[in-house]
Amino acid sequence: MSDKEKKQGTNISRRNFLKGVGTGTVAATVVPSVLIGSEQAAEAQEGGAISSATIQLNINEKSYEVEVEARTTLLTVLRDGMDTSGNNVDLTGAKLICDRGECGGCTVMVDGQTVYACMMLAMDAQGKKITTIEGLANGDDLHPVQDAFIQHDALMCGFCTPGFVVSSAALLNENKTPSLDEIKDGLSGNTCRCGTYPFIFDAVKTASRKM
Amino acid sequence: MASWGEASESRLIGKRITRLSGKDKVTGKAKYTFDINRPGMLYGRILRSDVAHATVMGIDMSEAEALPGVKAVIPLIEIGNKLRYQGQEIAAVAAETDDIAKDAIRLIHVDLEELPHVVTEADAMADGAPQIRDDWASNQSEPNIREDGNLEAGFAEAAVEVEATYHTAVQTHVCLETHGHVAEWEDEQNLTVWASTQGVFGVRNDFAQHFELPANQVRVITEHMGGGFGSKFSPGVEGHAAAELSRISGKAVKLMLTRKAEHLVAGNRPSMTQHVRAGATRDGRLIAYDMKGHGTGGISSGAGFQAPYVYHVPNLRTEKVNVATNAGNQRAMRAPGHPQASFAMDSLMDELAEKLGMNPLEFRRINDANEVRQAQYTLGAQEIGWHRRNSVAGSGTGVKKRGMGLGSGLWGGGGGRGTEARVTINSDGTVEAVTGTQDIGTGVRTVIAIIVAEELGLAPTDIMVTVGDSQPGLPSGGSGGSQTTPSVAPVIKTAAAAAKQKLFERIAPLLDAPVGDLRVGTGTIYVVSDRTKTITWQQAAGQLGMESISEGGQWDEELRQNGAAGTQFAEVEVDTETGALKVIKIVAVQDCGLAINRLTTESQINGGVIMGLGQAILEERFMDPYTGRMLNANLEDYKVPGTFEIPEIKSIVFDTHRKVTGVGEPPCIPTPGAIANAVYNAIGVRIRELPITSDKILTALVEKKA
Ligand code: FES
Ligand code: FES
C-alpha cells in the first residue's frame, strides 16, 4: 500500500478494491460515462460487481465515515449519504442540476480548488479537505460573498446560489480585485436560469472590496 | 377607500429591501423539494419512451422487482396504448438508493410496435404525413380566423408594403430544480407532499382528487422552489407516480425528473411561424395586415400568439393553426405567446419604417395608442443614446459593427380574488403573516413582510411570514400570469390593517385617547393629538395577555391594477467575419405600477431580459426528424445564457401609479424584437428567425454580398 493510500485512511487500496470485487454483470453499464479515461473506469469496465468500501471524508472540518460504491459521486455522499452510524450527511446546499459538469450547481471546494461534485467520485475525495456552502460561513459570521449576495439581491429562486457563492469565494481567493471580465470568466462555469447575473457581478465587486 | 398612500409617506414600500430568504439561500440551508430527506426515504425513477411514436405491446417488470433494494414498481401506461413522444412515461420504480432505482429502470423490458412519427412542423404539414392525433382531421387544428375592417381597401391605401416570414424556435423552461415531489403517507388517508410547484393549493386539490381524499387530508409544502416559469402548476404523471410508489411501499418517496426528462416532458414554449403582408400609409399609419401563421406545442395544442401585437391596425385578416408533432406538451412559459408576437411585430414595424424612410421610433409613436409606452420611448431612447444609432443600417465601418433597435410589450398582471390571509399579533410583540401562496423566487415572502411591517410600524425582519404550505388552510392562487403580488398584497394589507385596528382598540383606554387618534410610529404607537402619549410596540402587544389578535383580510380592487407596458432598447455588436453576436446593452423600461420592493423588482426585470436574450440568441430545441428524438436534451447543447452573454442591463422601474401590478413575465417580452432590430441596424441584413445565431448571420451576410 502506498503512503498516499495510507493517508487516505482506507483499509484496502482503491486498485485492489476494484480488482477484487467478483464477476457480476452490472458494473460496466452503471459506471457514469464521465469516468471514461480515468484509472477506475478502465478497471471497472473490465467487469466487476458493484461493491462498496468504507472511506473517510473530511467535510467542513468534520470527519465522516461513509460507505460508498465505486460509482458514488462526492455529490451523492453530500446530499444523500449516511455515515456508518446511520446519520444522514444531509449537506444539501450543493445541487444536482445538469449531472454532467455544465452548470456549477454542485460546486464545492476540494483543497481550495472549485470542483463539480457531480463529476468527482467520492473515493477520489479521500484525504482531501472538502468545503461546501454550509462550511463557508464562520458560525454566524457570513463570508463577505454571502453578505454581498444578500445585499445586492444576487439570487431569486436561489437554486443556483450555493454554487455561485462557492465559485465567487474561490475566485476572490485567487484574485482579490477582479475586473468585470475576470468575474465573468471566473463564474463562467455556473448557470442561473432566473437571470441574477448582473447583481451577482455587483455582489462579487462589493465582496472584493470587503475582503 | 383603501390606498397605499403617497410615496413620501412610505417608510418601506417602494424601497430597496433585501429578501428574507437571503440568508438561508446563501448558506445552503434553504430546503427545496429536491433537498428533503425523510427517514427511510426511497428514490423514485421513471422509465420513459425512447421513441416518438409506438404502441405498447408488453411491459415486463419482473427483473426490476427482483433487484435487491427495489421496493415498488408500477406501470404508467396500459398495454395497447400509444406512446406519442419521446420521454413519455412507461413505468416507475422506487428503491433504496437513486443508483439502485437507475439500475432497476434498465431491467424493465418493454415490447413496442413502432409507428411513423413527425417531429417537425414541416413534416407534420407535408402531404401524406402520418396523422398523429385521432381527434383532429389532420395534423393541423381548425384555423382560428379573425377579420376586421376591409383588408383590400387597407392595402389600396398603403404607400408601402412588406411581405415577410418570421419564425421562432421551441424553447424549454430549463427550471434548475427539475419537476418533482417527495410523497409520504402518514396513514391510508393522509398524504403529505413536498412539491416543486407554482401552485400549492392547485396541487393539493389535484392529489386529493386523484386519490379520492378530502382536500384537507392532503398537505402540500413548497418552502423554496427552484424555478417554474409557468411549467409547474400540476403534479403531472411524476407526482402521481411518487405518491403511488409511496403508498405501495409504505415509505416516503422522492421522485425528481432527470435533466433530460425536464427538457422532454416538462413543458416548452411553442414555436411560431408568421407569413405576413402588411402596409402603411405615406404619413406612417399601419393600415393593412394579413397574416397566416402556425406553431407547434407538440402533441398538445396551445401554440397561440397575438398578431398583430400592441400596435393598432384597422384592416386585418389573421389565420392561425396549431400543428401537432410527436413531441412533449407545451406549457405556459413566461408571458406565453408574447415574446414571439413581439419579435414578429417589432421586426415588421422596422421593415415598414425603413420603406417609409422613417425613424422606427417615430413610426411607433404614430401607431402606439398606449400612453405609458409613449413616455417610455422617450426615456429609453435617452438612456441608450438613440441618436448614436446608424441612420443607414449596416453603415458602420470596421469588422465589428454596432447597431440599435427597440421592441415593445404589454402584459396584464392585475391579480385576482381568492387569496385568504391572516395577520396575528402576539403578546410578546411577535407578528405572523400567513397565506397559502408560494415564493417561486420572485420574493413574495419579503413583499408580505414589507406590507405588514409598513402597516404596523415594524421592520420586515420582525414579521414571521409563512407561505408555501396548505396546512393552515388559507388558500391562494397559483403563481402564474404575474398575479402573485397583486393578488396577495391587497389581502395582506387589509389583514394587517384589521389587526392594527384591533390592537388600537385594546390600547386606546391605556393611552386615554380615542381609537381614531392612534397611529403607529417606528416600533411605537402614539396619539396624534398629543405626541407625549407614546408606548412601544412591545408594551402595546404586552396588553394582549394570553389572547393574540388574529385577523383576516379582503381582496380590494382599488389596491391593484391591470396592465404593464414595457419598452426595451438594445445595442449589439456583430463581428462580420465570424458572425459572433454580442449584446452590449439593454435598456428595459418596465411599467410596474407600485413596486413594493424596488430591489426584487429590478431583479425580476433583469431576469426577464436575460430570458428574452436567451430566446433571441441561444435557445432552440432540436428535433431529429429521423429518430424522432430531441438532440440537445441537456445543458451542454441546449444553451441558456451564461456569464459571457450578459450585457449591461439598465432596468428601469417605471412606476406610473400607486397600485400593485405583477411584473414577473412582461420584461422578457420586448427583448428578442429589440435585439433582432439592433442586429439589422448593425449589419443591414435582417434575420427573421430566432435564435439569431452566428451561422444565420454569416449566411445572411454572404447572401447580401452575392
Ligand atoms: S450538477 Fe454538477 S455541474 Fe451541473
Ligand atoms: S436564482 Fe434561480 S436559478 Fe439562479
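Numbers for the structure displayed
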item	result
Greater than 24 Å apart at Cα, pairs in B:Lys582/B:Lys704; A:Lys95/B:Lys232; A:Lys184/B:Lys29; B:Lys102/B:Lys260; B:Lys401/B:Lys585	A:Lys184/B:Lys29
Gyration tensor verdict on segment B:499-548 (Cα atoms; rounded if a/c is under 1.5, prolate if a/b is larger than b/c, oblate otherwise)	prolate
Segment A:64-211 - Rg over Rh from alpha carbon coordinates, Kirkwood radius	0.98
Fraction in percent of alpha-carbon pairs per bin - 20 Å, chain B	17, 44, 31, 8, 0
Chain B, relative contact order in percent, only Cα pairs under 8 angstrom and at least six apart counted	17 percent
Burial ordering of A:Glu102, B:Glu551, fewest other beta-carbon atoms within 10 Å first	B:Glu551, A:Glu102
Calculated FRET value between B:Ala215 and A:Asp111, using beta carbons and R₀ = 60 Å, to 0.05	0.70
Within segment B:573-611, backbone nitrogen closer than 20 Å to the virtual label 7 Å beyond the Cα of B:Val392 toward Cβ	B:574, B:576
For segment A:113-136 versus segment B:354-379, the gap between their alpha-carbon centres in whole angstrom	55 Å
Rounded if a/c under 1.5, otherwise prolate or oblate - segment A:96-163, Cα gyration tensor axes	oblate
Of the DSSP H helices in chain B, those whose Cα atoms cover at least 27 Å axially and whose Kyte score averages -1.0 or more	B:484-511, B:598-617
The protein assembly as shown - Rg (one decimal) and Dmax (whole number), Cα, Å	28.9, 91
Segment B:293-392: C-alpha gyration tensor shape, a/c 1.5 cut-off, then a/b vs b/c	prolate
Cα centroid separation, segment B:606-630 to segment B:383-440 (Å)	22 Å
Segment B:549-701 - share of DSSP beta bridges that are antiparallel (%, nearest 5)	60 percent
Label-point separation, B:Asp556 to B:Thr424 (7 Å along Cα→Cβ), nm	2.3 nm
Likely footprinting exposure, A:Thr177, B:Thr258, fewest C-beta neighbours within 10 Å first	A:Thr177, B:Thr258
A:Asn60 versus A:Asp141: modelled label distance in nm, points set 7 Å from Cα along the beta carbon direction	1.8 nm
Antiparallel content of DSSP bridges confined to chain B, in %, to 5	75 percent
Residue order, fewest to most beta carbons within 10 Å, for B:Thr33, B:Thr318, B:Thr524	B:Thr524, B:Thr318, B:Thr33
Pairwise FRET efficiency - B:Gln501 versus B:Thr461, Cβ, R0 = 25 Å, nearest 0.05	0.60
Contact order normalised by residue count of segment A:60-157, Cα under 8 Å, 6+ apart, percent	26 percent
Theoretical ellipticity at 222 nm over chain B - DSSP helices of four or more residues, -39500 (n - 2.57) apiece, nearest 500	-8500 deg cm²/dmol
Distance between segment B:671-706 and segment B:158-187 - C-alpha centres, whole angstrom	23 Å
Per-peptide average of other Cβ atoms within 10 Å, ordering A:140-149, A:197-206, B:132-141 highest first	A:197-206, A:140-149, B:132-141
Sequence-separation-based contact order of segment B:469-615, relative, with Cα cut under 8 Å and 6+ spacing, percent	19 percent
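Computed from the coordinates by the stated procedures, all read-outs in this text should not be read as laboratory data. Bear in mind the structure is a predicted one, so any value in this text is a computation, not a measurement. All Cβ positions, even for glycine, are placed from backbone atoms using ideal geometry, and neighbour counts span all protein chains on display.
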